[in-house]
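Just so you know, all these numbers are worked out from the coordinates, no wet-lab data involved. Only a predicted model underlies this, so the values are computations on that prediction, with no experimental measurement involved. Quick reminder, even Gly has a Cβ in these numbers, built from the backbone with ideal geometry, and neighbours come from all protein chains shown.
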Amino acid sequence: MTTRQQIFLPPPPPPPPATMHRAHTARPRARKGKKGGFGILFLSILAFAGIASGLAWGIDAWSSRAAGGAGKPPLAGKDALKVATDGPPAPGDKPPGEGPGTTVKVAGPIIPEETTIPEDQRVYVVKDGKFEVRRAPDVEKFGYYIVDLGDDAVPFIFSQTEAAPNRYSSTFLDLANDRTDERGEPLPEGRHNYVELFGIPPSLSVLTRRFHEDEKRECYGKLNVEFFRKTRLSVTYAGRRSVKDEIDEVQAELNRAKKKTGKDIAALAKTNEYALLVKKYNNVSGKMSMVTEVQKRLQCEGLLEHYTPGVITPTTVKAIRDFEHKHMIFGYGILTGDTRAGFGRTALQNNFATLRRVLEARVTWSLGIIEDGSVNGLKTLADTWKDKDGKEHKVRNLVDEYTDVLLREMGVDTAEKAREFFLKIQPDHFRSLRVAFAGPPLPEYYRSDMDFSVVIDRGDVYYDAPVDAAGNSRFQPVSRRPSNTLYLSYNDQKIPLVRYGTTIGGWRREFKDGREYLAYKGSDTGPHVWKDIYAAPVWIPPASTPPSSLIKSEKVDGRWITRVNTEEVGPSYASAYGLVAALHIRNRSEDGKGLWQDNGIRSHGSVDYMSIQRSFSHGCHRLHNHLAIRLFSFVLHHRDHERAGQTRLRYNRKFTVGSREWSLNLDTRGYQFSLTRPIPVMVEPGRILGKLQEPFKGMLPVAGQVYEPDDPNLIEKPADAPAEPADAEDRAGPVSSEPEDLPDLPPPPKPKQ
């Protein structure tokens, strides 16, 4: 049975409508005579005290941000962030209260269990670790920031309306809440969707269960976490040789040395002949200890069932990758760098880091903010701006600012506080939960419709082939990586808001006439626009896609099955376009009326997270999925747009792999938003390095492939030949809301000289 206690609260919000009966909202009746007069005076004093207290509550919230000129945030899910321009609340705007002596029964010490406020109007004002129920309109009126922490919250890109339902929205929620896998199959008991690294953070209900489950795992107390904090050893997986095999070999050499000299290991380490052998033994034994300790940790977290200590098997590698996915560690599944550091944190520390990331995501989704400090401190970028009075300001890190405030006001700003909080509540507390907090003002440049532009810097570019005639890799060092910077035009200045790492095109394998070749798939430069943005976009495989890449084999219930690779085409977080994509298009009309040409280039999310800023695409500009969601949700928050909704498509491709025929059917390109005013995107050429100063227009052989002596694909095209589409793999054709066959796009017309 739940224990009830009485806590002191500030004045409550205005009384509910008359249809909602609450006894204490009735006006008290005055008594006759002297006692009645004294009673009236006494009640008047109480009423005055209540009004004063109510004003203090509202004005305190307002005054904490009024100086900056920014106003109240919207309720989560509105199409655009509103900015209040009026001054302090008038006395009539206060939330009338019932006096400072009001008490409310609360079930449990943290989140009230009962309330007469309807769920769609209910928010919890958080301050100093206390949750107090208010009505959303009153909280919003006084400038509190409202953040949706409920299990049904989605970023703007996956929002929907009754007239335009978003098909992937329910999939996003099922994955975030560990209900099903992406194909809609219920998760088995004890299984989890670790897809935060792919753009879908866990819900707070899932995180609550994680805190509870980890509290019960006694095995955590037996782990040597300190080992990973001190060691600088790395274990990579060259070939299939295990650390145990290596240590057995070195141990045998040491045993022979000990037998020959009669000395122990400590004595052998001091000899010139065997010092290196002892050093190698210590190094390898340290690696084996690392692998063994990793396996113990993975088993404790439920990621690895059986293992042989020190032996790295595919099962252990998969478990390490799952560990990276669970804790959002960007890595290759090898024990070095950030992955090693992740094993050097306790389960509580990792859970607290997850909590911060989840709250950070919810803050950006609900408040429509994006500035994260990524433009600060760069030599090539000015990170200051001037307000309407000419005062200079540094571009703030709003994401950290507001996340820090929310953590503090919820009372979970340390790992130990977070543990205490989550162990006192249950997952169903987050079924539907919005919180409100008082925070610093937004910059004055925030508006419901903001003037954005984008600059994509291609960085250092090599047109030279990455391999020589023998297939050996060429060294092509770069110091300037590709980047995507979002700017805001405000008061005759261009303010950088955020800069993300991205990719550009390069040398890629291409399938043609039954063979593979190397071809340069470039990212075209010059002016473009973002006009159409797609949630859960679908990739249409071009004819050059090797058929073998359109199927995949996987182990299901102990059996290997082969099927069409639907995740690659989408809609899926793992699709070639990730969770969101914006088309790069050009206006080819001569009269400016809008003849839009789509050459197949996209700025899009990707689960190939280690390729970003490190490798090449087929011409598109990849972003980490969670950042792509943040970027385009922010754009839609602050840019007028129309919801075209779920597009319709009729696409069927039959292909043969081996002796079996397959069929790929697609019925949508994704959920479409169309910007009323397209956003200008300038793709800068970057710095061209190497011998070639222009892209190679032909194809090169792939080492190991056999070609005909007169293979026409290996003859370089003349310089004046029509340009290939810059990103053949990503060509998708024009978009239509009506069923259609996939047409081929003509090459873009040459500009007039």
* What's the extension gain from residue 432 to residue 259 if we count 0.36 nm per residue and subtract their Cα-Cα distance? -> 55.2 nm
* Asked: In the stretch 161-219, which trypsin sites (Lys or Arg not before Pro) are in a loop and have at most 11 other Cβ atoms within 10 Å, using DSSP for the loop call?
  -> 183, 191
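Could you work out the mean projected area of the convex hull around the alpha carbons of the stretch 268-307, in square nanometres to one decimal? Kindly include the intermediate steps, with their values, before the conclusion.
On the way: hull surface 12.1 nm².
Result: 3.0 nm².
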* Asked: What are the principal axis extents of the Cα atoms in the stretch 152-254, in Å, biggest first?
  -> 75, 34, 27
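Would you mind checking 222/326; 127/388; 230/280; 230/258; 230/259 for any pair whose Cα atoms are more than 28 angstrom apart? Walk me through the intermediate numbers first.
Numbers: 222/326 21 Å; 127/388 33 Å; 230/280 19 Å; 230/258 30 Å; 230/259 33 Å.
Table pairs above 28 Å Cα-Cα are 127/388; 230/258; 230/259.
Do any GluC sites (Glu not before Pro) in the stretch 298-346 lie in a loop, going by DSSP, with at most 13 other beta-carbon atoms within 10 Å of their beta carbon, and if so which? All intermediate terms of the calculation are to be shown ahead of the outcome.
Details: sites: 301, 305, 324; in loops: 301, 305.
When the GluC sites (Glu not before Pro) of the stretch 298-346 are filtered for loop state and at most 13 Cβ neighbours within 10 Å, 305 remain.
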* To do: Check cross-link reach from residue 494 to the aspartates and glutamates: straight Cα distance under 18 Å, and skip same-chain residues fewer than eight apart.
  => 371, 372, 383, 387, 389, 392, 444, 449, 451, 457, 684
* Structure fact -> When 264, 464, 389, 532 are ranked with the fewest other C-beta atoms within 10 Å first, the list becomes 389, 264, 464, 532
* Asked: Put a dot 7 Å past each Cα toward the Cβ at residue 192 and residue 692; how far apart are the dots in nm?
  -> 4.7
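For residue 127 and residue 299, what is the calculated FRET efficiency with R₀ set at 45 Å and r taken between the beta-carbons, to the nearest 0.05? Don't jump to the answer; show the numbers that get you there.
Numbers: r = 42 Å, r/R0 = 0.93.
For R0 = 45 Å, the calculated efficiency reads 0.60.
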* To do: Just tell me which aspartates and glutamates come within less than 13 Å, Cα to Cα, of residue 318; anything on the same chain fewer than 8 places away is out.
  => 305
* To the nearest 0.05, how large is the calculated FRET efficiency for residue 525 and residue 665 if R₀ is 30 Å and r is the Cβ-Cβ distance? -> 0.25
* To do: Just grab the label-to-label distance for residue 313 and residue 648, each label 7 Å out from Cα along the Cβ direction, in nm (one decimal).
  => 5.2
* Stretchable slack from residue 465 to residue 553, in nm (0.36 nm times residue separation minus alpha-carbon distance) -> 28.5 nm
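Using the Cβ atoms and a cut-off under 10 Å, what net charge is assigned to the surroundings of residue 400, where Lys and Arg are +1 and Asp and Glu are -1?
Numbers: positive: 356, 396; negative: 360, 371, 372, 401, 404.
Here the charged neighbours net out to -3.
How long are the three semi-axes of the equivalent ellipsoid for the stretch 235-335, computed from the Cα gyration tensor as the root of 5 times each eigenvalue, in whole Å, largest first? Could you put the intermediate results ahead of the total?
Numbers: eigenvalues 217, 30, 24 Å².
Here the semi-axes work out to 33, 12, 11 Å.
Can you give me the Kirkwood hydrodynamic radius for the stretch 417-518, using every pair of distinct Cα atoms, in Å to one decimal?
Values: mean 1/r = 0.0500 Å⁻¹.
The Cα-based Kirkwood calculation yields 20.0 Å.
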* Asked: Along the principal axes of its C-alpha atoms, what lengths does the stretch 344-443 span, in descending order and rounded to whole Å?
  -> 50, 34, 18
* Each residue of the stretch 540-554 in turn: what ³J(HN,Hα) in whole Hz from Karplus with 6.51, -1.76, 1.60 and θ = phi - 60°, glycine and Pro shown as x? -> 8, x, x, 4, 6, 6, x, x, 4, 7, 8, 10, 9, 10, 8
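Please arrange 385, 365, 560 by counting, for each residue, the other beta carbons lying within 10 Å of its beta carbon, fewest first. Walk me through the numbers before you get to the answer.
On the way: 385 21, 365 25, 560 8.
Ascending number of Cβ neighbours within 10 Å: 560, 385, 365.
May I ask you to list the trypsin sites (Lys or Arg not before Pro) in the stretch 647-716 that are in a DSSP loop and have at most 11 other Cβ atoms within 10 Å of their Cβ?
Details: sites: 648, 650, 653, 654, 660, 669, 687, 691, 697; in loops: 648, 650, 669, 691, 697.
Qualifying residues, ordered by number: 691.
Estimate the FRET efficiency between residue 595 and residue 682 by the formula 1/(1 + (r/R0)^6), using the beta-carbon distance for r and 25 Å for R0, to the nearest 0.05. Don't skip to the end; give the middle numbers.
Numbers: r = 20 Å, r/R0 = 0.79.
Using R0 = 25 Å, I get an efficiency of 0.80.
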* Asked: Which residues' amide hydrogens lie under 5 Å from the amide hydrogen of residue 434, considering only partners 5 or more residues apart or on another chain, with H built in the peptide plane?
  -> 124, 149
* Structure fact -> If 320, 561, 110 are placed from fewest to most neighbouring beta carbons inside 10 Å, the sequence is 561, 110, 320
